[in-house]
Amino acid sequence: MNIIYLHSHDTGRYLQPYGHAIPAPNLQRLAEEGVLFRKAFNAAPTCSPSRACLLTGQSAHSCGQLGLANRDFYLQHPERHLANFLRDQGYCTALCGIQHLVVDPRTLGYEWIAELGTPSLEDTDGITAAAVEFIRKQHDRPFFLAVGYFETHRVFPEPGEDEDERYTLPPAPLPDTPETRYDMASYKRMAKILDDQVGAVLTALEEAGLTDDTLFIYTTDHGLAFPGMKCTLTDHGMGVALIVRGPHGFCGGQVVDGMISQIDIYPTLCELLNVEPPAWLEGRSFVPLVAATVDEINEEIFGEVTYHAAYEPKRAVRTHRWKYIRRFDKRATVTLPNIDNGPSKQYLIRNSLPQRKVHQEALYDLLYDPNEACNLVNDPAYTDVLTEMRNRLSAWMARTDDPLLQGPVPTPAGAYADDPDDLHPGASERSTLTTWRRRERLKGLFAAPACGA
């Protein structure tokens, strides 16, 4: 069985297969031919930590990815990466595009890596062309191909003719204004670019006659790069698209409502390959969900943020009914650097976003308050629930040796973070697609030197 892991940036579930008015016909086809997971969540709603959790099967603090690789927070246990594991199982491992964890992706276990040095590989089409090239090769063993796109990360392109801002609905946490409608129309344009690339990869797989023998996994790292979404521990930040198509029952347009974490993907692959799962894995296989032998595999899942652009330590536990979030600093207002810049953010800044208060603790009833807008922490009617959720979070932090239990987590040597009070942080406010990619290329995070075919 071949495995393709195709991941996008900052997409959440805002795509056609999840019912949103954001056309994505290729991902829709993938869902109709495979399995769509309605309640999939990341384990850390920021770029590098989210990927690290999925690809090591661990929480971010357990695998040592507490911040962004483009800020010199690097994966501390690259030997646990899925590519290294699969290579040891006899797989050919390949990378096209973003990996966002380490300087040299060869340490992650990738054997074939898309070559730098040609203009085409500096854009989305180049990543796709490299993936298609790899798929079309003659393969004498099963392969694991990671395809990482910049889309749908900011900076967004201008809306096209098909993305009319007048008839666009902003995402749930935001008010409906001309600024937010324009911002979402721009996102829709980038989502179309992403979906076109997915279609090209799927077509190459079909033309090579490999569709039936390939497990195709599409997912993303976290919620949209809008205020109240990315880098938050509500479902707006933790909720992710996950569509899987391939052998072993991942077919037929199934929809799974069971709650899973992305750390469950690694043990799922171990079960599908009939290999012993590594001892460090914290998740569990969701094969029983797909086989419909159980309705749930998780009573609880966890999420965390330590560093993004700035330090913002917080942890969360989610059950089917409740969400509990706790902050581990004394900051009273929004950490502005941790919100990506754009028209929506600028609109909110003009309306007192920097003074917006944050909760040190929050408890939400996900049945009656799915947008997590009504904090029940101080409501005496929910004292027992609050105690239970606090205990769940504390037990997990102790079980996984969370460094926050020892106090504030220092910035690793060589890494850097913005001042949480800076209203105009340089890297997060003035970055553009060009400067971001230049930084990534220089560090080997966007692509890497060729390692051979």
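So here's what we get for this one:
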| item | result |
| --- | --- |
| Candidates GLU388, GLU372 - the one that is closer than 21 Å to MET259 by Cβ and assigned to a helix (DSSP H, G or I) | GLU388 |
| The lone exception for LEU174 - which of (1) more than 17 Å from ILE135 (Cβ to Cβ); (2) more than 23 Å from the chain's Cα centre (by Cα); (3) aliphatic (A, V, I, L, M) it fails | (2) |
| Any pair with Cβ under 7 angstrom, 6 or more apart, that starts in segment 378-406 at a residue that is outside the structural domain of GLN58 (by TED's automatic domain parsing) and ends at one that is of a type in the set (Val, Ile, Thr) | LEU386/VAL377; MET389/VAL317; ARG392/VAL317; LEU393/VAL317; TRP396/VAL317; PRO403/VAL409 |
| Residue match in segment 270-279 (condition: assigned by TED's automatic domain parsing to the domain that holds GLU32, among the aliphatic types (A, V, I, L, M) and crowded, with 21+ Cβ neighbours inside 10 Å) | no |
| Matching helices (runs of 4 or more DSSP H) fully within segment 45-116 where at least 3 residues are within 22 Å of GLU271 (Cα to Cα) and over 14 Å from the mean Cα position of the chain (by Cα) | 82-88 |
| First in segment 127-144 and without any contact (Cβ under 8 Å) to a residue 40 or more places away in the chain, second anywhere and assigned to a loop (DSSP other than H, G, I, E, B) and surrounded by 16 or more Cβ atoms within 10 Å (Cβ to Cβ), Cβ under 7 Å, 6 or more apart | ALA130/ALA114 |
| Criterion: more than 21 Å from ALA31 (Cβ to Cβ), not assigned by TED's automatic domain parsing to the domain that holds ALA316 and not charged (D, E, K, R) - qualifying residue of PHE156, PHE216 | PHE156 |
| Residue within segment 216-233 that is outside any helix (DSSP H, G or I), more than 18 Å from the chain's Cα centre (by Cα) and at pLDDT 95 or above present | no |
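The values are calculated or read from the model by the stated rules, or taken from the named source; none is laboratory data. As the structure is a computational prediction, the values presented were derived from the model and not from experiment. Note that each Cβ is placed from the backbone with ideal geometry, even for glycine, and that neighbours are counted across all protein chains shown.
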